[in-house]
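These notes are about the structure you will find just below.
The values are calculated or read from the model by the stated rules, or taken from the named source; none is laboratory data. None of these values were measured; they are calculated from a predicted model. Glycine gets a Cβ as well: all are built from the backbone with ideal geometry, and neighbour counts include every protein chain shown.
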Amino acid sequence: MFWDLLIVLMVVGALFWTVLAVLVVRKAGYSGWQGLLFLVPIVNIAFFVWFALAEWPIQKEVHLLRMRETMAEQK
């Protein structure tokens, strides 16, 4: 009985973690499928480092919009 409950809690925890990872990756502007890389051992560490250090698509878009706004103000 105890082990059954433990397995259920582990599965629920893994699903919860996966949903959170997908949401964070999608908010950053990447495909939600990339969030699944957090589940792969060793790959998850490399992905986390890359994810933390790379310029996110949403940041690129903000930078581009600010440049366009600056160019429009200068005209």
Would you check which residues across the stretch 32-49 are exposed (fewer than 11 other Cβ atoms within 10 Å of the Cβ) and farther than 16 Å from Ala14 by Cα and list them? Ile42, Val49
Name the residues in the stretch 1-30 that are of a type in the set (Ser, Thr, Tyr) and at pLDDT below 90, would you? Tyr30
Neighbours by Cβ (under 7 Å, 6+ apart or cross-chain): first from the stretch 13-24, over 12 Å from Leu39 (Cα atoms); second of a type in the set (Phe, Trp, Tyr): none
